[in-house]
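Novice: Quick one: structure below, then a few questions.
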């Protein structure tokens, strides 16, 4: 009888804890919804795009600037450059959306596990104040965090990007390398 009572008490405590946790999770979801996570996604996507634009300029821009290029090769280069740009943009959006979903889910869990309902309600009230909106606007200066995220996710981005390009043009790497070598050889300074 004593054991049964102890088990029932533990079950009741578990139910009570689950209900409290579920309430906290709901409040945590509300809090995360108030945060400007869409702004974070935009920052991430823009950082990826700037990085990829620099890569594009370094790869294709360097390849073509001031070089003599056969018209048929220029057509291929232009095609590949546009393909890369399109797949870069798609991959940036995909990675940004995926990252933000993961970040939101992790943030919700963190808030729910580490703050009481009362604390979450206080944070929600604070997020609704004009001073918080002002702070939020000023925090964009702290975008170095976004740069760190981009650096950590670069490998995942590169793998997805290359996969997408190869789905459309399976031999794109070999063809771009062949064209690069050909153009550099044709435009090399004669040895003296």
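Novice: Being modelled with pLDDT under 65, within 30 Å of residue 111 (Cα to Cα) and part of a helix (DSSP H, G or I) is true for just one of 6, 23. Which residue is that?
Specialist: Numbers: 6 fails: within 30 Å of residue 111 (Cα to Cα).
Criteria check complete, one pass: 23.
Novice: Can you tell me which residue is modelled with the lowest pLDDT among those in the range 33-47 that are farther than 13 Å from residue 103 by Cα and surrounded by 19 or more Cβ atoms within 10 Å (Cβ to Cβ)?
Specialist: 43
Novice: Here is a check on your reading of the model: is residue 150 surrounded by 14 or more Cβ atoms within 10 Å (Cβ to Cβ) and either under 20 Å from residue 32 (Cβ atoms) or touching a residue at least 60 places away in the same chain (Cβ under 8 Å) (or both)? Reasoning before the result, please.
Specialist: Details: surrounded by 14 or more Cβ atoms within 10 Å (Cβ to Cβ): yes; either under 20 Å from residue 32 (Cβ atoms) or touching a residue at least 60 places away in the same chain (Cβ under 8 Å) (or both): yes.
In short, yes.
Novice: Please go through the range 160-176 and give me each residue that is surrounded by 11 or more Cβ atoms within 10 Å (Cβ to Cβ) and without any contact (Cβ under 8 Å) to a residue 12 or more places away in the chain, ordered by number.
Specialist: Result: 162, 163, 166, 173.
Novice: While we're here: Those residues that are free of Cβ contacts under 8 Å to residues at least 40 places away in the same chain and either under 22 Å from residue 124 (Cβ atoms) or loosely packed, with under 14 Cβ neighbours inside 10 Å (or both), I need them from the range 76-109; list them, please.
Specialist: Keep residues of the range 76-109 that are free of Cβ contacts under 8 Å to residues at least 40 places away in the same chain, which gives 78-79, 81-82, 85-86, 98, 101-102, 105-106.
Passing the criteria: 78, 79, 82, 86, 101, 102, 105, 106.
Novice: Just to be sure before I move on: is residue 73 in contact (Cβ under 8 Å) with a residue 40 or more places away in the chain and closer than 17 Å to residue 34 by Cα in the structure I sent?
Specialist: Numbers: in contact (Cβ under 8 Å) with a residue 40 or more places away in the chain: yes; closer than 17 Å to residue 34 by Cα: no.
Here the answer is no, as residue 73 does not meet what is asked.
Novice: Among the residues in the range 111-131, are any under 19 Å from residue 54 (Cβ atoms) and surrounded by 13 or more Cβ atoms within 10 Å (Cβ to Cβ)? Break it down stepwise before answering.
Specialist: Of the residues in the range 111-131, the ones under 19 Å from residue 54 (Cβ atoms) are none.
Checking the range 111-131: not a single residue is under 19 Å from residue 54 (Cβ atoms) and surrounded by 13 or more Cβ atoms within 10 Å (Cβ to Cβ).
Condition check ((1) modelled with pLDDT of 85 or more; (2) more than 21 Å from residue 164 (Cα to Cα); (3) part of a helix (DSSP H, G or I)) across all residues:
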| residue | (1), (2), (3) |
| --- | --- |
| 82 | yes, no, yes |
| 91 | no, no, yes |
| 113 | yes, yes, yes |
| 124 | yes, yes, yes |
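Novice: May I pose another question? May I ask you to verify whether residue 156 is assigned to a helix (DSSP H, G or I) and either modelled with pLDDT under 80 or out of contact with any helix residue (DSSP H, G or I) (no Cβ under 8 Å at 6 or more places or on another chain) (or both)? Spell out how you get there, then give the answer.
Specialist: Values: assigned to a helix (DSSP H, G or I): yes; either modelled with pLDDT under 80 or out of contact with any helix residue (DSSP H, G or I) (no Cβ under 8 Å at 6 or more places or on another chain) (or both): no.
When the stated conditions are applied, residue 156 does not pass them.
Novice: Of these, 30, 136, which one is touching a helix residue (DSSP H, G or I) at 6+ places or on another chain (Cβ under 9 Å), assigned to a helix (DSSP H, G or I), at pLDDT 80 or above and surrounded by fewer than 18 Cβ atoms within 10 Å (Cβ to Cβ)? Full working, then the answer.
Specialist: Working: 136 fails: at pLDDT 80 or above.
Result: 30 is the single residue among 30, 136 that is touching a helix residue (DSSP H, G or I) at 6+ places or on another chain (Cβ under 9 Å), assigned to a helix (DSSP H, G or I), at pLDDT 80 or above and surrounded by fewer than 18 Cβ atoms within 10 Å (Cβ to Cβ).
The values are calculated or read from the model by the stated rules, or taken from the named source; none is laboratory data. Please read all numbers here as calculations on a predicted model, not as lab measurements. Note that each Cβ is placed from the backbone with ideal geometry, even for glycine, and that neighbours are counted across all protein chains shown.
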